[in-house]
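What follows is a set of notes on a single structure, which appears directly below.
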Amino acid sequence: MKSILGISAFYHDSAACILIDGKIIAAAQEERFTRKKHDPSYPHNAIEFVLNYSKLKLSEVDQIVFFEKPFLKFERLLETYVAFAPRGFLSFAKAMPIWVKEKLFQKNLLFNKLKSHDKNFKSDKNIFFSDHHLSHAASAFFPSPFDEAVIITADGVGEWATTTVAIGKNENLEIKKEIHFPHSLGLLYSSFTYYTGFKVNSGEYKLMGLAPYGNPIYEDKIKKLVDIKNDGTFRLDQKFFNYATGLTMTNDNFHNLFGQKPRNPLNEKITQFHMDIAASIQKVTEEIMIKLSRSIRKEFGIKNLCLAGGVALNCVANGKILREKIFDKIWIQPAAGDAGGSLGAALAMWHIENKNKRVVNTSDDMKGSYLGTEFTQTEIEKELDSVGAHFETLEYEDLINQTSENLSNEKAVGWFQGRMEFGPRALGNRSILGDPRSDKMQKNLNLKVKYRESFRPFAPSVLKEDLSKWFDMDIESPYMLLVAEVNPEKKIEMTDEQKSLFGIDKLNIKRSEIPAVTHVDYSARIQTVDKSTNKIYHDLLSKFKDKTGCAVIVNTSFNVRGEPIVNSPTDAFNCFMGTELDYLVIGNCILDKKKQNPKLKKDYTQEFELD
């Protein structure tokens with residue numbers, strides 16, 4: 001038995017995963033344990049979890065792999081400073097102490113941290129380092145259902161690369177092309193995230209969600225920032241940006257071009273200007289990804305595409321690539337960001353370095369991305385008792401029946417089952433659920449449960465076998481990473497008066513039979529639910545369909561704004577008591593809000609940083 005521990009850390013979304021004989025056994029993000037969103041610190045808790053789940057001591061692990069190479073990253077930092085000097089001295093001076101003290105000597109730092117898990121771990125000889133974008137590419141290709149594929153990775157920046165094209169065949173993977181820092185699609189998108197007043201590295205999905213409320217009237221101005229070639233390669237004009245040398249993303253040249261300073265989220269509301277900016281950068285991002293996809297399909301002639309890196313979480317762009325039918329099939333790593341780098345580093349070690357054969361799974365090897373913590377019924381009841389919860393324990397059929405009945409009565413339900421998801425999406429195990437037919441559900445969940453901006457859309461979970469009845473899509477989307485339109489027969493066409501409305505005024509218009517999951521452009525970010533991957537969630541959806549005729553449920557992550565997705569029954573109870581959720585279902589336990597002690601109510605309003 002051979003085991004590999006993969007680690008990503010020290011930038012954002014620290015995580016750990018473990019492979020045994022090449023099989024993915026467990027993976028988790030550190031934020032879920034520390035309750036610090038996007039926690040970048042050494043993933044002590046995540047490592048403890050994957051070791052315990054695998055019944056391994058650290059000294060028994062054969063190889064440990066970090067997801068990137070710190071020396072190459074330091075080289076990029078130094079060369080960037082030299083190239084732009086004397087600009088950027090402030091950011092350079094700010095970065096240097098931690099590099100000199102810790103990051104340059106990361107093998108030693110890791111070794112000292114790892115020793116805390118096992119006193120018998122006494123040598124750093126089995127600690128290795130992968131390349132950042134190779135880790136992303138490996139995470140996308142090796143678990144995929146393809147024996148051959150072209151892989152695009154795109155994010156902010158790794159060591160030097162920001163975008164790569166790789167070819168994978170069986171157990172072989174080779175990066176063929178790279179775009180290097182400071183030219184970065186991820187940093188371009190993050191610059192507009194910053195400019196519209198959202199937090200970089202966490203607010204990009206808000207920018208994507210805001211885009212359908214706007215019109216892409218600034219597309220031409222954005223193309224003054226970025227020179228896009230016919231093959232999808234690009235260069236960013238650095239006179240408009242500050243990220244290479246400064247402490248902000250954009251500069252006055254950028255602000256003067258668009259006519260406004262960056263939005264201050266503390267005292268400035270989102271306006272039509274910000275919606276139009278969002279629509280414009282989304283359109284340019286889609287253009288780059290589609291051109292890049294077309295050129296590599298033509299060049300390499302490979303019919304399958306895999307995607308990873310933070311940009312691969314842009315499910316709208318993914319959906320556009322799918323609709324263009326450039327590739328026969330697309331597979332996207334559900335933990336596409338840096339957390340997934342821990343998985344990719346381990347897989348790269350197993351297949352590329354150790355030269356182990358790959359057996360292709362016709363679905364994929366991610367096990368639905370249900371790779372995290374799980375709790376027995378006894379553990380659940382013990383935790384609920386310890387926090388003073390009032391709960392009822394039901395038989396399985398009664399639990400499914402009562403929960404589907406509550407959903408059909410427009411109740412908001414916290415749903416906690418099985419293993420926690422790996423990656424940023426809740427896929428029916430750590431989810432908040434609602435009735436998509438309700439025209440009040442989106443607003444209520446946003447404002448009273450999630451405590452977040454009212455414009456934010458919600459995703460539908462749909463029975464795999466009913467997908468084409470509800471959405472204009474004919475391939476599975478198990479990881480909520482593809483966007484498609486609601487079927488025409490389910491749409492409610494807008495009147496001329498409604499069509500003339502601008503921006504947020506569109507929000508309250510009922511646009512389909514499932515308004516709670518239909519965005520203002522009739523799109524939806526879809527999760528298909530397969531009985532073989534998640535039986536209990538499939539059973540719940542099926543029972544809801546029996547009661548209502550609707551095979552769709554609202555699914556959003558079980559957390560409030562600024563907080564990571566819940567990990568434990570205690571986390572779930574605290575979230576339940578701090579929101580206007582009506583019911584909480586954990587394992588076979590069901591909790592009714594009306595029966596809880598009001599003194600246990602948790603105040604979330606000041607606890608978490610609003611992002």
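The values are calculated or read from the model by the stated rules, or taken from the named source; none is laboratory data. Fair warning: this is a prediction, and the values are worked out from it, not measured in the lab. Every residue, glycine among them, receives a Cβ derived from its backbone with ideal geometry; neighbour counts consider all protein chains shown. Note: accessible area is taken over every heavy atom of the protein model, side chains too, but ligands, DNA and RNA are not part of it. Shrake-Rupley method; radii C 1.70, N 1.55, O 1.52, S 1.80 Å.
The table below lists the values:
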{"quantity": "Rounded D (µm²/s) - the stretch 432-533, Kirkwood Rh over Cα pairs, Stokes-Einstein at 10 °C, 1.306 mPa s", "calculated": "112 µm²/s"}
{"quantity": "Stokes-Einstein D for the stretch 114-231, Kirkwood Rh over Cα pairs, 4 °C, 1.567 mPa s (µm²/s)", "calculated": "75 µm²/s"}
{"quantity": "Protection proxy ranking of 404-415, 512-523 - average other beta-carbon atoms within 10 Å, highest first", "calculated": "512-523, 404-415"}
{"quantity": "Centre separation in Å (Cα based) which lies between the stretch 126-175 and the stretch 1-76", "calculated": "18 Å"}
{"quantity": "Percent of beta bridges antiparallel (DSSP, the chain, rounded to nearest 5)", "calculated": "70 percent"}
{"quantity": "Burial ranking of peptide ranges 215-227, 478-490, 362-374, 261-273 (average Cβ count within 10 Å, highest at the top)", "calculated": "478-490, 362-374, 215-227, 261-273"}
{"quantity": "Estimated FRET transfer efficiency (ASN52, ASN356; beta-carbon r; R0 35 Å; 0.05)", "calculated": "0.90"}
{"quantity": "Other-chain or far-sequence residues with amide H under 5 Å of SER512's (modelled H)", "calculated": "ILE492"}
{"quantity": "Calculated P(r) of the stretch 187-323 - Cα pairs past 21 Å, %", "calculated": "41 percent"}
{"quantity": "Within the accessible area of the stretch 488-611 (1.4 Å probe), percent carbon and sulfur", "calculated": "46 percent"}
{"quantity": "Computed helical MRE - 222 nm, the chain, DSSP H runs ≥ 4 contributing -39500 (n - 2.57), nearest 500", "calculated": "-9500 deg cm²/dmol"}
{"quantity": "Accessible surface of the stretch 397-444, 1.4 Å probe, proportion on carbon and sulfur as whole %", "calculated": "36 percent"}
{"quantity": "Binned Cα-Cα distance frequencies in the stretch 466-611 - 10 Å width, integer %", "calculated": "9, 29, 32, 25, 5, 0"}
{"quantity": "Shape category assigned to the stretch 302-354 from the gyration tensor of Cα positions, a/c cut at 1.5", "calculated": "oblate"}
{"quantity": "Segments 194-204, 156-166 sorted - mean Cβ within 10 Å per residue, highest first", "calculated": "156-166, 194-204"}
{"quantity": "Cα→Cβ-extended label distance, 7 Å offset, between ASN267 and ASP398, nm", "calculated": "5.7 nm"}
{"quantity": "In order through the stretch 298-307: 3J(HN,Hα) via Karplus (6.51 cos²θ - 1.76 cosθ + 1.60), integer Hz, x for Gly, Pro", "calculated": "5, 5, 9, x, 9, 8, 10, 10, 10, 10"}
{"quantity": "1.4 Å probe accessible area per residue over the stretch 413-525, in Å²", "calculated": "37 Å²"}
{"quantity": "Label corresponding to percent of Cα pairs over 42 Å apart when calculated from the structure given, among [x] 43; [y] 35; [z] 20", "calculated": "[z]"}
{"quantity": "Within the accessible area of the stretch 167-228 (1.4 Å probe), percent carbon and sulfur", "calculated": "47 percent"}
{"quantity": "Solvent-accessible area per residue, Å², over the stretch 199-264 with all protein chains present [probe radius 1.4 Å]", "calculated": "45 Å²"}
{"quantity": "Shape of the stretch 263-326, Cα gyration tensor, a/c cut at 1.5", "calculated": "prolate"}
